[in-house]
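In what follows, a structure is listed as structure tokens, so that the remarks can point back to it.
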Amino acid sequence: MCGIVGYTGNRKVIPVLLEGLRRLEYRGYDSAGLVYQYQDALVKFRAAGKLVHLEQTVDEHIGEEAYTGLGHTRWATHGAPTQDNAHPHSDCTGELVVVHNGIIENYGKLKQGLVADGHRFSSETDTEVLAHLIEKYLKDDLVTAVRKALARVEGSYALGVMWLKDPGRLVAARNQSPLVMGVDTDACYLASDIPALLPYTKKVIFLDDHELAVLEKGVYTIMGVESGQEISKEIKTIHWNAAMAEKAGYKHFMLKEIYEQPQAILNTVSGRIIPDTGKIDLPEIGLSDEDINKIERIALVACGTSWHAALVAKYWIEKWAGIPVDVDIASEFRYRRLLLHNRVLTVSISQSGETADTLAGIRLAASLGSRVVTICNVVGSTMTREADGVIYTHAGPEIGVASTKAFTSQLSALFLFTLYLGQVRQTIEQDMLKELGTALIDVAALIDTTLPVMQEQIREMIEEYYDAKDFLFIGRGLNFPIALEGALKLKEISYIHAEGYAAGELKHGPIALIDKDMPVMALVPQDSVYQKTISNVEEIRARQGRLLLIGTLGDEHLIKLTDDVLYLPRVHEELNPLLYTIPAQLLSYEIANRRGCDVDQPRNLAKSVTVE
Ligand code: F6R
């Protein structure tokens, strides 16, 4: 949450900062600001609302001969999203500025002391405390002052600092909030996430907790915040390109990312299923066959959409690998008594690899002796660095706040993981391994060919539903988590209240909600629980619920139950969750678009939730 950018080099800084902020706007869009050094002053602009407001304010200065600066896009935690609370924040002199992502937990106490010392505050944010605290310790060395200030700070931070009296230099530091540096021969960059760097450099350094960096034109130093000892860090090469983080002619990132799913699935599978034998190869998993054979239980930990992927995986792993699986929402996992030990494998699932609760969850699991594998989309993210093993989803950058292609890629990675467990533990016959692996590849092709038709049909269907006040999604077995995911997607981008239920659970309460105004999307593929789901659909029909059925091509029965049926091709039953997710995503997208909602930047949300 919140996006930080920084630059020092030979380019004019304002366009670099604005481009970086545009690429990070998915992290927060309540307000934005930037600061740069121009002649002998720091020039600061801030604006409430989306980045476009800042762009308008800065417009006439765009070509200014300024070469060092910082920018910020905010997701408000402390203080309303006003201009005064927008970053950068300054000290009393206005000569020192700070941008920050995270939460300074002891800011109240620190502020009291600083006010007593005579410091004047002009915002309600926790961040402003950092500016004044650094000012308090600042004599002639910015790095020393930042280190002394951070020694008093409790909480999480990724921060960028600039001081007028130290021209051409940026100081950055990190604790529990992501921060990555981009390096080039004549420049250094700073960003909360990789997309901001893609137009300029592929060479990056991920800062770790308690590290501080000093950035100058093409030169940098990294040291421990506490020790001040220099640290040598590996430069990593990023394989994404700038175009991957553009809309490519689509109206929204979300729609583009829905359409990218077949490729994202194939990229995730690529090289991991050996075509002739069906053998699964996951070299980066970090576990030997012996480790896998010793696993007694698997704990899956994730948040939001990634948690829904975990729920699907429980069905798969228990069925095919015979290992008991617990699935936890990370914010619950981290605060309950965990019965973990070295024969329990913990698997985190995260698009960003930076979600604060999930990260805390795996740290806790590791401290209890559990091995940790992470399924993650962002190369080099914190979770991938801390886990014992990684299974990357190769979905490419996901910019739309509502997760789509990351989800189906996570499902693909989790399916591969299941097959791998079954292969090592010999719970899946060789022929079946091959059949299931092939079915996964086939589903990508089927999604590809049916997507445009699905979108067309759903666009017509939603005319009846787009102004609904509530919505239910139901499914059984593997499709129950997809019902949850459908409801989450609809809630977050269209603001319609929606709930997902296991179809068999309706009669235990929620069926009381059914009347002629309640739309229900029911996922009814012809699978092993088909008849049971149909009975639940009949119960809704008997109470005049407005049914929207998603089922298997050729199932004539469905059209007798309602006019609104969307037929999908038959795929291997195990892979239904990947296919049935697509209409749920499209329904949400089309409804939100029809209602005029801001699809890519829904209110109150931000991608990459790096606060608790
Ligand atoms: C919903 C959505 C969120 C994320 C959740 C976890 O569309 O995107 O629910 O799934 O915040 O994020 P990651 O996967 O980055 O840990």
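Descriptive notes on the structure:
- Any hit, segment 579-588, residues being open to solvent by 60 Å² or more (accessible area, probe 1.4 Å) and either within 26 Å of E456 (Cα to Cα) or charged (D, E, K, R) (or both): no
- Some residue of segment 73-85 being in contact with a Cys (Cβ under 8 Å, 6 or more places away or on another chain) and among the β-branched types (V, I, T): yes
- Which numbered condition G218 misses (of (1) open to solvent by less than 50 Å² (accessible area, probe 1.4 Å); (2) modelled with pLDDT of 95 or more; (3) over 30 Å from T449 (Cα atoms)): (2)
- Total residues in segment 542-565 satisfying the condition of being of a type in the set (A, V, I, L, M, F, W, C) and either free of Cβ contacts under 8 Å to residues at least 12 places away in the same chain or closer than 18 Å to L478 by Cβ (or both): the figure is 4.
- Scope segment 239-265; condition touching a Pro at 6+ places or on another chain (Cβ under 8 Å) and not small (G, A, S); matching residues: W240, M244
- Among (1) touching a strand residue (DSSP E or B) at 6+ places or on another chain (Cβ under 6 Å); (2) surrounded by fewer than 24 Cβ atoms within 10 Å (Cβ to Cβ); (3) modelled with pLDDT of 95 or more - the single one S156 does not satisfy: (3)
- Segment 476-494: number of residues that are more than 16 Å from the ligand (Cβ to nearest atom) and either over 25 Å from the mean Cα position of the chain (by Cα) or open to solvent by 20 Å² or more (accessible area, probe 1.4 Å) (or both): 4
- Among helices (runs of 4 or more DSSP H) entirely within segment 71-163, having at least 3 residues that are under 26 Å from E216 (Cβ atoms) singles out 127-137, 142-150.
- Here the condition is being open to solvent by 80 Å² or more (accessible area, probe 1.4 Å) and either touching a Lys or Arg at 6+ places or on another chain (Cβ under 7 Å) or in a loop (DSSP other than H, G, I, E, B) (or both); of E290, E234, it holds for E234 alone.
- For first residues located in segment 593-605 and open to solvent by 70 Å² or more (accessible area, probe 1.4 Å), partners that are within 12 Å of the ligand (Cβ to nearest atom) and outside any helix (DSSP H, G or I) and lie 6+ apart or on another chain with Cβ distances below 8 Å do not occur.
- Hey, D517 acidic (D, E), open to solvent by 10 Å² or more (accessible area, probe 1.4 Å) and over 16 Å from E499 (Cβ atoms) or not: no
- Filter pass, I362 being open to solvent by less than 40 Å² (accessible area, probe 1.4 Å), closer than 21 Å to L416 by Cβ and within 13 Å of the ligand (Cβ to nearest atom): yes
A quick yes/no check of all residues on (1) assigned by TED's automatic domain parsing to the domain that holds G102; (2) modelled with pLDDT of 95 or more; (3) open to solvent by 10 Å² or more (accessible area, probe 1.4 Å):
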site	(1), (2), (3)
D126	yes, no, no
A131	yes, yes, no
V146	yes, yes, no
A149	yes, yes, no
D166	yes, yes, yes
L179	yes, yes, no
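- Segment 409-428, residues that are more than 16 Å from the ligand (Cβ to nearest atom) and of a type in the set (S, T, Y): T418, Y420, T427
- Of everything listed in (1) in a strand (DSSP E or B); (2) open to solvent by 30 Å² or more (accessible area, probe 1.4 Å); (3) not charged (D, E, K, R), the single unmet condition for G63 is (1).
- Output for segment 230-272, where each listed residue is more than 23 Å from G380 (Cβ to Cβ) and among the polar types (S, T, N, Q): Q261
- Meets criteria (modelled with pLDDT of 95 or more, closer than 25 Å to L575 by Cα, more than 8 Å from the ligand (Cβ to nearest atom) and under 13 Å from the mean Cα position of the chain (by Cα)) for I391: no
- Qualifying residue in segment 429-437 (condition: within 12 Å of the ligand (Cβ to nearest atom) and either open to solvent by less than 10 Å² (accessible area, probe 1.4 Å) or among the charged types (D, E, K, R) (or both)): no
- Single match in V347, V372, V401, V325 (criterion: within 15 Å of the ligand (Cβ to nearest atom), open to solvent by less than 10 Å² (accessible area, probe 1.4 Å) and either modelled with pLDDT under 95 or more than 19 Å from the chain's Cα centre (by Cα) (or both)): V372
- Restricting segment 298-318 to residues that are without any contact (Cβ under 8 Å) to a residue 60 or more places away in the chain and in a helix (DSSP H, G or I), the residue that is nearest to the ligand (Cβ to nearest atom): W307
- Residue tally, condition within 16 Å of the ligand (Cβ to nearest atom) and touching a strand residue (DSSP E or B) at 6+ places or on another chain (Cβ under 8 Å), over segment 328-341: 4
- Taking residues in segment 391-410 that are part of a helix (DSSP H, G or I), and partners anywhere that are among the hydroxyl-bearing types (S, T, Y) and open to solvent by 10 Å² or more (accessible area, probe 1.4 Å), the pairs with Cβ atoms closer than 6 Å and at least 6 places apart or on different chains are F407/T305.
The values are calculated or read from the model by the stated rules, or taken from the named source; none is laboratory data. Values in this document were obtained by computation on a predicted structure and should not be read as measured data. In this analysis, Cβ positions are derived from the backbone assuming ideal geometry, glycine residues included, and neighbour counts consider all displayed protein chains. Surface areas here come from the heavy atoms of the whole protein model, side chains and all, with no ligands, DNA or RNA. Shrake-Rupley method; radii C 1.70, N 1.55, O 1.52, S 1.80 Å.
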